[in-house]
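What follows is one structure encoded as structure tokens, with my remarks underneath.
The values are calculated or read from the model by the stated rules, or taken from the named source; none is laboratory data. Please read all numbers here as calculations on a predicted model, not as lab measurements. Every residue, glycine among them, receives a Cβ derived from its backbone with ideal geometry; neighbour counts consider all protein chains shown. We work out accessible area using only protein heavy atoms, side chains counted, and drop any ligands, DNA or RNA first. Shrake-Rupley method; radii C 1.70, N 1.55, O 1.52, S 1.80 Å.
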Amino acid sequence: QRIIYLSSTSVYGEDVAYFEKISEIQFEGEISNNPLSFKYYDENKIVLSKTMKEHLRFATCYWHSFTWPGLDPFGGPTLNRPWMKSGNTMEMAELKLEEAFDFFSKITTPYFCFHDRDISPEGETYAETQKNFFHIIDLMEKKMSQTGVKLLWGTANAFSHKRFMAGASTNPDPEVFAYAAAQVKDCMNATNRLGGENYVLWGGREGYETILNTNMKIEMENLARFLELVVNHKHKIGFKGQILLEPKPHEPTKHQYDFDSASCLALIRKAGLENEIKLNIEVNHATLSGHNFEHEIAYAISNNVLGSIDINRGDTLLGWDTDQFPNNAHDLLMPFYYIFSNGGLKQGGLNFDAKIRRQSIDPEDLFYAHIGGMDVAARVLLAVEKMINDKILPKYVDDRYSNWNNELGTFIHDKNNDLESIASKVINENLEPKPKSGQQELLENILNKYL
């Protein structure tokens, strides 16, 4: 089926495709002054026994990059893109698909991600909405075959429409729960058909505003039931990808059940699904939860639930999810060190869940943002390779905990011993702990040399 092209005047003043005047982005190295080139991201460069492309597994997100019109909490759209004009909504969706894959191919991210409502509009009934969705999935499957771009993950938008104003799986109305279930079923089927490597449960409104009208027990039980249904459907359709839950604090409800990695893991364990669901961790969500990114990564790795990453950043002067592209190598150094010291991203990837600023209205701005983020990640990967090969940090950590390998550590963990026997040992052996420096300042100085 032929893609329908709509004639529209671009910012160049000509009837051309939106990104037509931009060529595929190439690696030109640090000496290049070409803003439309990579300075550090050489996808074929071998780092830690793999290519950069294999390690970083970049993905472009469909929503911020092609659906967000430049809104913020205090202002309207600023992005005047051809597929955002008024007209037949399905024709606009087809045009957006064409332009999106043109961008994916030129920026050379090997993957992309989407919400179901990013790619196709809702209809008057769910049957019509479903028809719209799978029509675009048909076209998307062809574009993926033509370009070689793959799907990192799909997810359902069960938060934007007013039906979800009180949540999806945690909604007090079972009809809303059922509607969200139908939506997720279709999106999982599409993700499986397109060869997606993950499916993300992106809550959005799974929480509450006031306890005055909330039965938390029912809502938590319903959320656990929803997770169970999703996992059962994964096995029913033979989906080989990971199911991922995304921690999401304060956005937008005051009390989110999926507040941070620890909260999400508690939900997963309560549902008895700790062997079935991992986490999709976002940088900006980590900071909004009062943690930093490296904490959330280290926590997930320690509990074997790291699945994938939404790579972005927030603004310390703004208390909301600004979803900016990453541009600070120092912020990513320790998170990347934990990730690539522990087996890498595996089936996950680095999804640019980030948007350009609403004043960045030119087609090139979307390229500049992705180029910058990809170069920063590549730079950090090179630094992490040196850190891993030097093996300096592990020596300090191992030394700090080395006494746990001695007789006392073994004694404490022996199940035959109890508090009384440990207390007796303290008295009989006249144990008197000697404080030992944590050497934080020294370690921070060592870390800085890699940048």
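Counting protein heavy atoms only, the range 127-244 has 55 percent of its accessible area on carbon and sulfur, 1.4 angstrom probe. In the chain, the longest principal axis of the Cα atoms and the axis of helix 216-237 are about 70 degrees apart. Sorted largest first, the principal axis extents computed over the alpha-carbon atoms of the range 165-313 equal 40, 38, 26 Å.
Helix 419-428 and the longest principal axis of the Cα set of the chain meet at an angle near 50°. First check a/c for the chain, with a ≥ b ≥ c the square roots of the eigenvalues of its C-alpha gyration tensor; if it is under 1.5, answer rounded, and if not, answer prolate when a/b is larger than b/c or oblate otherwise. Note, shape of the chain comes out oblate.
Principal-axis analysis of the Cα atoms of the chain puts helix 126-147 at an angle of about 80° to the longest axis. Protein heavy-atom accessible surface, 1.4 Å probe, per residue over the range 199-311: 42 Å². For the range 276-324, the share of accessible area belonging to carbon and sulfur comes to 50 percent (1.4 Å probe, ligands and nucleic acids excluded). Potential lengthening of the chain between N292 and S160 amounts to 44.8 nm, from the contour at 0.36 nm per residue minus the alpha-carbon distance. For every other residue with a beta carbon closer than 9 angstrom to the beta carbon of E246, add +1 if it is Lys or Arg and -1 if Asp or Glu, then tell me the sum. So the environment of E246 carries a net charge of -2. Near D42: Cβ cut-off under 14 Å, other residues only, Lys/Arg at +1 and Asp/Glu at -1. The net charge is -1. For the residues F134, F19, a 1.4 Å probe over the protein chains yields an accessible-area ranking, largest first, of F134, F19. Here the range 331-392 exposes an accessible surface that is 45 percent carbon and sulfur, computed with a 1.4 Å probe and the other protein chains kept in place. Within the straight-line cut-off of under 21 Å between alpha carbons, the lysines reachable from K391 are K50, K449, sequence neighbours fewer than 8 places apart in one chain being disregarded.
Remark: relative contact order (the chain) = 15 percent; criterion is Cα-Cα distance under 8 angstrom and separation of 6 or more residues.
Measuring only protein heavy atoms, the 1.4 Å probe finds H250 accessible over about 100 Å².
Rounded to the nearest 5, the antiparallel percentage of DSSP beta bridges internal to the chain is 20%. A 1.4 Å probe run over the range 319-414, with the rest of the protein chains in place, finds 48 Å² accessible per residue. For the range 106-171, rounded, prolate or oblate, judged on the Cα gyration tensor with a ≥ b ≥ c (square roots of eigenvalues), a/c < 1.5 rounded, else prolate if a/b > b/c? Oblate shape, in that a/c is at least 1.5 and b/c is the bigger or equal ratio.
Take every Cα pair under 8 Å in the range 126-233 that's 6+ residues apart, average their separations, divide by the length, and report that relative contact order as a whole percent. It rounds to 32 percent for the range 126-233. The helix-only estimate of mean residue ellipticity at 222 nm for the chain, built from DSSP H runs of length n ≥ 4 each weighted as -39500 (n - 2.57), is -13500 deg cm²/dmol after division by the residue total. When the listed pairs K278/K346; K96/K142; K150/K185; K248/K278 are checked against a 18 Å cut-off, the alpha-carbon distance exceeds it for K150/K185.
Paramagnetic label reach from D138 (point 7 Å along Cα→Cβ; backbone nitrogen cut-off under 20 Å): within the range 115-129, residues 116-129.
Net charge near G203: determine it from the other residues with C-beta under 11 Å of the C-beta of G203, scoring Lys and Arg +1 and Asp and Glu -1. That sum, taken over residues with Cβ under 11 Å, equals -2. Taking only the Cα atoms of the range 326-451, the ratio Rg/Rh comes out at 1.21, with Rh defined as the Kirkwood radius.
Solvent-accessible surface (1.4 Å probe) assigned to I31 amounts to roughly 150 Å². For an R0 of 25 angstrom, estimate the FRET efficiency from the Cβ-Cβ distance between N303 and E432 and round to the nearest 0.05. In this case the efficiency is close to 0.15.
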